[in-house]
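Structure record follows, encoded as structure tokens.
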Amino acid sequence: MFLLFSMISSMLFAKIQVTKLVCEYHENPIGIDVKKPRFSWQILSDGQNVMQTAYEIKVTDQSPKGKLVWSSGKVESDQSVNVEYGGPVLKSMQRLYWQVRVWDNSKNVSAWSAPASWEMGILEPGTWKASWISMDSANDTADVRPCQYFRKDFSTAKKIKSARIYVTCKGLYQLFLNGQKVGPDLFTPGWTSYNKRIQYQTYDVTSLLQGKNSLGAILGDGWYRGRIGWSSKHGYYGNKLALLAQLQISYTDGTSETVCSDNSWKVSTGPILGSSIYDGETYDARLEMPGWNKTGFDDSQWEQASVSSQSEDILIAPQGDPVRANREIKPIKLLTTPNGETVFDMGQNMVGWVRLKVQGKKGDKVILKFAEVLDKEGNFYTANLRKAKATDTYILKGNGEEVFEPHFTFHGFRFVKLEGFPGTPALDNITGIVIYSDMLQTGTFACSDTLVNQLQHNIQWGQRGNFLDVPTDCPQRDERLGWTGDAQVFSMTAAFNFDVAAFYTKWTKDITADQLSDGKVPHVIPDVLKGGGGSTAWADVALIVPWTVYRIYGDKRILEQQYSSMKGWVEYMRNRAGDDNLWTGDKHFGDWLAFATTHSDYPGATTEKDLIATAYYCYSTGLLARIAGIIGNKTDEAEYTALAKAIKKAFNAEFVTPNGRLVSHTQTAYALALSFDLLPENLRVNAADYLAEDVKKFGHLTTGFVGTPLLCSTLSSIGRDDLAFMLLMRKEYPSWLYPVTQGATTIWERWDGQKPDGTFQDVGMNSFNHYAYGAIGEWLYNHVAGINADPENPGYKHIILSPHVGGGLTNADAKFMSMYGRIKSAWKIDGQDFVYEVSIPANTTASVTLPAAQVNQVITSDDVKLKLVQNQKNVTVQLGSGNYSFRYPASGLK
């Protein structure tokens, strides 16, 4: 009776609060162009089993107490993620406020949430009044080109209510108002398929305006016209930099004013002699122009900006996360190498640059060079950067202490070589500035093994370094491109580590933009390799990344928006495969960088590319059928379901023996066949045995980019956790922990990028910050810790918690901030007992599996009696929101 009363009272008297309001995955965004934005919120409660049963949203204009624009009314629904705005058509530059309140399953009603806001950008091209402006006298074809400086003085005579500036460029820009940098964003306007999509940014500059004002902008080459790709040529998108800026001022008297980029602006060059993403920046402080971005500056020697015509139709508001400087790192050591080089060790392979503090004579030249590793003798090593110079040069003006940070370049490095430094350098002369897309970290994983914890550290730092507006393969050499295969295999791990919903929403639209008319998807997005594409497992990113966003964030809209792209890719594969449903004969990357040996009896784990191609053809076709069903396209659902069955039949006839052996007898082949459900049920056991025997025979993985992300999860799915954990815990090459034993702080491109004797792999392709193999992180989260989203209830509306013990680990603890709130799954061996703690956010439910448990031995710490169910060797329990703890004897665990 007491237990029943406790349960009832905890529900009836629970307090609920609405918090974490976001619009289109951002808090209080300004300058968006989504015409029907979506709202999400979280519910906090001190009770258990709390579910939302209804919500009400109200939207007001101008202020939280302004005119009511739209009210949803009380909607009977448990939806609290991606609820679509249903009010009147939104207008350019309109600012709105929204609040939400909810009802729960105990008839409690929350207070209205604190108000949140969003603001529309420029929705109609005709709203743009500004003109594109350029510098006519610039030598736009030189190999090294100075950055360009633009400025405009203007006055405001009335009291200002609000001011917004809308700005973009061809190239990269930094914008200033009255000497202050406008916003913390870096590498704006970001990298998109510039010929089809150029982002503009919106900034609130109300507080920066004065009576007399000056706008200033610096433009650099960036991806637009800098050296990008492998051709060593500039100007992939164009050779002329251009600025577009529109300042919209609203006065308290109800009037407004617009200040635009036009031919009244002035333009010149300055101290940035060149700034290249690959090669670095050269800055001559002797050429600085004090006050150039403030009023009163004499610009009489500057030339008049020229106006060029360009359609504004391709201008879009950003949907991704801006690049920002998110951390600072101090060097841990100052070295003198055997070659006599002065080298700082940052202690972490990072992406960004260093802030230099220096004092010397006018004309002194300090050179900073960047490297990921030292060679076996301990000397500075840059051969793996290929043609990227990765060098910053600062020429002193000779006026006390000087501080330098580059403007439009970034480096991937752990070590910094200092040349020409006046005096004796010290550790505090440089500071590492870590930059990446400003994604919220959502996941943590830790366990009892310090090497595995370092592996997790390396995975997350690899993602930080390579999620720089686009998901690049590597951040250091003359590449740094949005390779689709890397992004595809890592997408689930990425979504555990960080909130990548907005990041992927932006990038997938460039997949559509650069996809060819026949459906072929380029190898890199944005496509700067001019036509290469159509490789299986790489191009399948068109389906798999949107599917990841749907699974993790419950985002149905991305499936709808990307559907034509998905279908185009599947139809391309269908066309290449032909009537026999076998995709054979085309060029592919295959199981990129799979294990290889020099032994004559085993040349390497080569998986036939035709097998991989047909496997992905089947998988993506089946996935497309499922997506078609979700978005309500029943015709396509039926068609692609039937096609997937036909491809599966063809796959078995061509690549599988009657005994379940694959023609490519490799770990990758079996992982694909089993995880993609390509085999008939009667052959799965035999194929599973072949996979297990191969892993046992070698005692290590033999997989490359395609097979590695699937290997441990496939072994676990066939009941061979022993082998999966063996692979995880292995410290010798090839393994995940081998680089950790060698001091790695990020994920390597190759299993043996640096060999035990200190020598290196092929300099042509040997990145030490390459996140693809970090896809093992998904298995750490969803299998070892046991956090899974129910595939039938996406976005963690229903959570599946199922931890697994193995590998000698005595504990594992994962936390994940879902759209609904924090999920926790933490287990440990405590003496003779297994202890499992879980947290389930409000408005969700969970199915929990207690491994190797007996119902009568499970002790819970909760006041409410739980319905435990014996399920063979495990115990299962259905839970509502709240915090729970379970303890039982660990004797049944392996």
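The values are calculated or read from the model by the stated rules, or taken from the named source; none is laboratory data. Quick caveat, the model's predicted, so the values are computed rather than measured. Cβ coordinates were reconstructed from backbone atoms using ideal geometry, including for glycine residues, and neighbour counts include every protein chain displayed. These accessible areas exclude ligands, DNA and RNA; they are computed on the full protein's heavy atoms, side chains included. Shrake-Rupley method; radii C 1.70, N 1.55, O 1.52, S 1.80 Å.
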| field | Burial order of peptide ranges 549-556, 106-113 (average beta-carbon count within 10 Å, highest first) | value | 549-556, 106-113
| message | With θ taken as phi - 60° and the coefficients 6.51, -1.76 and 1.60, list the Karplus ³J(HN,Hα) couplings across region 784-795 in order, rounded to whole Hz; mark glycine and proline as x. | response | 5, 7, x, 9, 9, 8, 5, x, 8, 9, x, x
| request: Could you give the C-alpha radius of gyration of region 826-894 expressed as a fraction of 2.2 N^0.38 Å, taking N as the number of residues it contains? | output: 1.05
| request: State which entries of Lys567/Lys634; Lys91/Lys196; Lys91/Lys170 exceed 21 angstrom in Cα-Cα distance in the structure shown. | output: Lys91/Lys196; Lys91/Lys170
| Stokes-Einstein D in µm²/s, Kirkwood radius over Cα pairs - region 59-131 at 10 °C with 1.306 mPa s viscosity | 111
| said: Counting just the Cα atoms, what span does region 324-368 cover along each of its three principal axes? Round to the nearest Å and put the largest first. | reply: 32, 29, 13
| task | Quick one: dipole size for region 751-805, taken about the Cα centre, charges +1 on Lys/Arg Cβ and -1 on Asp/Glu Cβ, in debye to the nearest 20. | result | 140
| query | Any idea what the dipole of the chain comes to, in debye rounded to 20, about its Cα centre with Lys/Arg Cβ at +1 and Asp/Glu Cβ at -1? | reply | 1500
| In deg cm²/dmol, rounded to 500, what helix-only [θ] at 222 nm does the chain give when every DSSP H run of at least 4 residues adds -39500 (n - 2.57) and the total is split over its residues? | -7000 deg cm²/dmol
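Of the listed peptides 455-463, 156-164, what is their order by residue-averaged count of other C-beta atoms within 10 Å, with the highest listed first? Kindly include the intermediate steps, with their values, before the conclusion.
On the way: 455-463: 24.6, 156-164: 15.2.
So the order, starting with the most tightly packed, is 455-463, 156-164.
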| remark: Rounded to the nearest 0.05, FRET efficiency between Thr53 and Lys387 (Cβ-Cβ, R0 45 Å) equals 0.15
| note | Carbon plus sulfur, as percent of the 1.4 Å-probe accessible area of the chain, comes to 49
| region 707-830 - convex hull of alpha carbons, volume per residue in Å³ | 135
| message | What number comes out for accessible area per residue over the chain if the probe is 1.4 Å? Units Å², please. | response | 37
| task | At 25 °C and 0.890 mPa s, grab the translational diffusion coefficient of region 119-234 from Stokes-Einstein with a Kirkwood Rh over Cα pairs, rounded to a whole number in µm² per second. | result | 154
| Among all the aspartates and glutamates, which ones have a C-alpha under 16 Å from Lys417's C-alpha, if same-chain residues fewer than 8 places away are not counted? | Asp279, Glu281, Glu341, Asp345, Glu372, Asp375, Glu377, Asp392, Glu405, Asp428
| query | How large is the charge dipole for region 670-790, taken about the Cα centre, if only the Cβ atoms of Lys, Arg (+1) and Asp, Glu (-1) carry charge, to the nearest 20 debye? | reply | 240
| If you bin the C-alpha pair distances of region 647-778 every 10 Å from 0, what whole percents do you get? | 12, 41, 29, 15, 3
| Cα convex hull volume per residue for region 488-591 (Å³) | 107
| request: Using only Cα positions of region 356-498, each an equal point scatterer, no hydration layer, compute I(q)/I(0) via Debye at q = 0.14 Å⁻¹ and quote the log10 values to two decimals. | output: -0.82
| How many percent of DSSP beta bridges within the chain run antiparallel, rounded to 5? | 95
| task | Could you work out, for the chain, what percent of all Cα-Cα pairs fall into each 10 Å distance bin, beginning at 0 Å and stopping at the bin that holds the largest distance? | result | 2, 11, 20, 23, 21, 14, 6, 2, 0
| said: Using amide H atoms built in the peptide plane, which far-off residues or other-chain residues are under 5 Å from Met350 H to H? | reply: Phe413, Arg414
| task | Equivalent ellipsoid semi-axes for region 278-404, as square roots of 5 times the alpha carbon gyration tensor eigenvalues: give them largest first, rounded to whole Å. | result | 35, 24, 15
| task | Would you mind getting me the FRET efficiency between Ser448 and Ala114? Use the beta-carbon distance for r and R0 = 41 Å, nearest 0.05. | result | 0.50
| field | 25 Å Cα-Cα threshold exceeded, pairs from Lys365/Lys389; Lys797/Lys873; Lys824/Lys865; Lys556/Lys649; Lys67/Lys129; Lys65/Lys212 | value | Lys797/Lys873; Lys556/Lys649; Lys67/Lys129; Lys65/Lys212
| Across every pair of different alpha-carbon atoms, what Kirkwood hydrodynamic radius in Å does region 217-366 reach? | 20.2
| remark: Quick shape summary for region 329-413, equivalent ellipsoid via Cα gyration tensor, semi-axes whole Å in descending order, reads 23, 15, 13
